[in-house]
Structure formats: C-alpha cells, structure tokens
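Visitor: Please find one structure pasted underneath; my questions will follow.
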Amino acid sequence: MYLEVRGNRTYAATGGKEFDNSLPTVMFVHGSGLDHRSWALQTRWFAYNGYSVLAPDLPGHSLSEGEALQSIEDMGAWLAEFIRAAGASEVHAVGHSQGFLEVLELARQAPQLLKSITGVGTAGAIPVNPALIDAAKNSAGAAAEMLLMWGFGPDAQFGVSAVPGMQPIAIGRQIMARNPLHADLVACAEYKNGSEVAKSIEVPSQLILARKDRLTPLKAGMAFAEELGARVTVVERYGHMLPIEAPRQTLQKLRELIGALESTP
C-alpha cells in the first residue's frame with residue numbers, strides 16, 4: 001500500500017493482505033540499501049496468521065519517493081511519522097542491521113508506539129569500513145558487491161538458497177545497486193546512541209544473531225544484548241543477511257516472542 005509521509009508517496013508491503021489497524025501490528029524495517037523484499041517470508045506469515053504487517057521502503061529506496069534520510073536519528077523520527085500515517089497505535093518493531101538502529105531511535109523518541117523490539121543481525125553500533133563508504137559514494141553497485149561478499153555466510157556463497165529458484169546474493173545485488181547505499185552506510189557509521197538508548201528501553205526485546213556474521217560480529221551483538229537485557233538467539237552457519245539467508249529460522253524466533261506477548265492476557 002502507499003501512504004503519504006512528509007509529503008512523499010511512501011510504499012509499505014503488507015504481506016499480501018489489506019492492512020487492518022484493529023489487529024496487532026508488526027513493522028519490519030530493512031537494512032542498508034535494501035527494501036521491503038528483505039522480509040518476504042516473514043511478512044506473509046504474520047499477515048496470514050492474525051496480524052497486520054507494515055514493511056516500509058525508507059525514503060528514496062525502491063518504491064518510496066523522497067530523498068534518502070541522512071541520520072539514524074531522523075530515520076527513527078520518520079518511522080514514528082510512518083506508523084501514525086498508517087493509523088497504527090503501537091507496533092512490534094523488527095529491524096535488520098541498520099533497521100534496528102532506527103528502531104532504537106524510535107524507542108527513544110516515541111516509546112509509546114512500541115510493544116516490543118527485535119534486532120536481527122545487528123548490535124548497538126555498526127562501524128563501517130571507510131573503504132566501503134568510499135566505494136558506495138562512487139558506485140552503489142560496486143559497494144553492493146563488497147557488502148554482499150561479506151554479508152552472507154559460506155553456504156550462500158556456494159548458491160545454497162532457502163527459496164528454490166532464487167539466489168539471495170543476486171537479489172540483494174539488484175536491490176542495493178539501485179538504492180542510496182552510501183547515505184545509509186554513512187548514517188550507520190555515525191550513529192553512537194545505542195548504548196545510551198538501551199538504558200531507557202522498557203518493552204520486551206530480543207536479538208537474533210548469526211554465528212558467521214562478519215559485518216556485525218556475534219561478540220558485538222551479544223554485548224549489546226546484555227546492555228539491553230534482551231533475549232538472544234544465535235543462528236548457526238549463517239551470516240549477516242539473516243532475513244533473506246535464513247528466513248525460516250528468523251521467522252520462527254519472531255513468532256516465539258511476538259506470539260507469546262500477544263497471547264498473554
């Protein structure tokens with residue numbers, strides 16, 4: 001569906017069903033240079049199992065109009081405006097990598113909009129190699145090649161895919177090469193508020209981390225989980241791109257936390 005946010009036409013995937021704000025809402029926030037397609041399996045399951053789903057393309061990404069936002073702080077503020085534009089009162093917010101930093105900022109700026117938060121392949125800070133930022137400035141496609149080489153685990157590098165007939169690295173390359181990857185990477189590199197924000201978060205939280213993650217190493221994610229007081233799941237054999245690379249495992253852990261919260265009187 002399309003919404004207007006800050007005067008721009010903004011796309012949000014709804015998992016194949018019409019958005020209904022009377023149902024519990026799960027919002028999925030994509031990572032650097034990506035879009036709503038990162039969450040194809042997860043959004044569809046929730047939409048067809050008693051939830052409403054929102055998976056926005058951030059401004060300037062894929063099907064959303066506007067200029068790319070320049071800071072994680074502004075992205076968090078934009079998410080609050082997006083939720084209100086959709087007519088949702090509160091959401092379970094799920095963010096992959098950079099998307100989780102945006103969820104942290106949403107929690108800092110508008111905590112009343114959240115029921116829970118989940119980070120996937122992430123930490124409280126995501127340092128970015130300056131060489132990758134420079135590459136993205138010159139060519140999003142070239143930077144995407146570098147990012148995806150490091151972003152997927154060894155099985156994906158050999159063509160193993162959870163979705164028959166679809167190669168996740170090729171899909172990621174196609175999406176990232178057309179999106180404002182440079183702006184996203186700079187925003188990630190400059191964000192320093194994670195540890196401070198963690199102290200103030202009161203809603204239930206979890207991190208889904210990958211043993212083979214070379215972009216946000218497991219050690220960093222575990223350390224932040226301790227700061228956040230979050231439940232932690234470590235997915236073996238996979239890399240940073242968990243929503244695409246290990247979609248079923250990621251979905252199962254989301255179902256466990258969100259389902260448990262929604263079933264509690």
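The values are calculated or read from the model by the stated rules, or taken from the named source; none is laboratory data. Note that this is a predicted model, so its numbers are computed, not measured. Note: ideal-geometry Cβ built from the backbone for every residue, glycine included; neighbour counts use all protein chains shown. Each accessible area value is taken on the protein alone, full model and side chains, heavy atoms only, with ligands, DNA and RNA left out. Shrake-Rupley method; radii C 1.70, N 1.55, O 1.52, S 1.80 Å.
Visitor: So how long is each side of segment 71-146 along the principal axes, counting just the alpha-carbon atoms, biggest first, in Å?
Guide: 40, 23, 17
Visitor: How large is the translational diffusion coefficient of segment 1-55 in µm² per second when you combine the Kirkwood radius over alpha carbon pairs with Stokes-Einstein at 37 °C and 0.692 mPa s?
Guide: 286 µm²/s
Visitor: Of Ala140, Ala220, Ala131, which is the most mobile in a GNM of the chain whose springs link Cα atoms less than 10 angstrom apart?
Guide: Judging by the Gaussian network model, the answer is Ala131.
Visitor: What span do the alpha-carbon atoms of the chain cover on each of the three principal axes, reported in whole Å from largest to smallest?
Guide: 47, 41, 40 Å, listed from the longest principal axis down.
Visitor: Can you give me the long-range amide H partners of Val234? Hydrogens built in the peptide plane at 1.01 Å from N, cutoff under 5 Å, separation of 5 or more residues or another chain.
Guide: So Val234 has HN proximity to Leu209.
Visitor: For Lys199 and Ala177, what does the FRET efficiency come to when R0 = 41 Å and r is the distance between their Cβ atoms, rounded to the nearest 0.05?
Guide: 0.60
Visitor: When the chain is modelled as a GNM with alpha-carbon springs shorter than 10 Å, which of Ala142, Ala123, Ala12 fluctuates the most?
Guide: So, out of Ala142, Ala123, Ala12, the one fluctuating most is Ala142.
Visitor: Something else about it: Mean separation of Cα pairs under 8 Å and 6+ residues apart, divided by the residue count of the chain: what relative contact order is that in percent?
Guide: This gives 20 percent for the chain.
Visitor: Rounded to the nearest angstrom and ordered from largest down, what semi-axes does the equivalent ellipsoid of segment 210-265 get from its C-alpha gyration tensor (root of 5λ)?
Guide: Working: eigenvalues 96, 52, 9 Å².
For segment 210-265, the ellipsoid semi-axes come out as 22, 16, 7 Å.
Visitor: First measure r as the distance between the Cβ atoms of Glu190 and Ser263, then evaluate 1/(1 + (r/R0)^6) with R0 = 51 Å and state the FRET efficiency to the nearest 0.05.
Guide: Numbers: r = 39 Å, r/R0 = 0.77.
Calculated transfer efficiency: 0.80.
Visitor: For Glu4, what accessible surface area do you get with a 1.4 Å probe? Give it in Å², rounded to 10.
Guide: It works out to around 140 Å².
Visitor: Convert each backbone phi in segment 11-24 into a coupling constant with the Karplus relation 6.51 cos²θ - 1.76 cosθ + 1.60 (shift: θ = phi - 60°), then list the ³J(HN,Hα) values in order as whole Hz, x for Gly and Pro.
Guide: My calculation for segment 11-24 gives 9, 9, 6, 10, x, x, 10, 5, 5, 10, 6, 7, 9, x Hz in order.
Visitor: Can you put Val186, Val5 in order of accessible area, largest first, using a 1.4 Å probe?
Guide: Solvent-accessible surface, decreasing: Val186, Val5.
Visitor: Taking 25 Å as R0, compute the FRET efficiency from the Cβ-Cβ separation of Tyr48 and Ser22 and round it to 0.05.
Guide: 0.95
Visitor: May I pose another question? So for His30, His182, what's the accessible-area order with a 1.4 Å probe, most first?
Guide: On the way: His30 0, His182 60 Å².
These residues rank, largest area first, as His182, His30.
Visitor: Follow-up. For segment 42-201, with only Lys/Arg (+1) and Asp/Glu (-1) charged at the beta-carbon, what is the dipole magnitude about the Cα centre, in debye rounded to 20?
Guide: Details: 9 positive and 15 negative charges, 71 e Å.
Taking the Cα centre of segment 42-201 as origin, the dipole is about 340 debye.
Visitor: Obtain the radius of gyration and the Kirkwood radius of segment 1-137 from its C-alpha atoms and give Rg over Rh.
Guide: Ratio of gyration radius to Kirkwood radius: 0.95.
Visitor: Figure the gain on full extension for Val234 and Gln252 (residue separation times 0.36 nm, minus the Cα-Cα span) and round it to one decimal in nm. Before the final figure, lay out the partial values.
Guide: Numbers: separation 18, 0.36 × 18 = 6.48 nm, distance 1.25 nm.
Here the answer is 5.2 nm.
Visitor: Counting DSSP beta bridges in the chain, what percent are antiparallel, to the nearest 5?
Guide: Numbers: 6 of 29 bridges.
Around 20 percent antiparallel, to the nearest 5.
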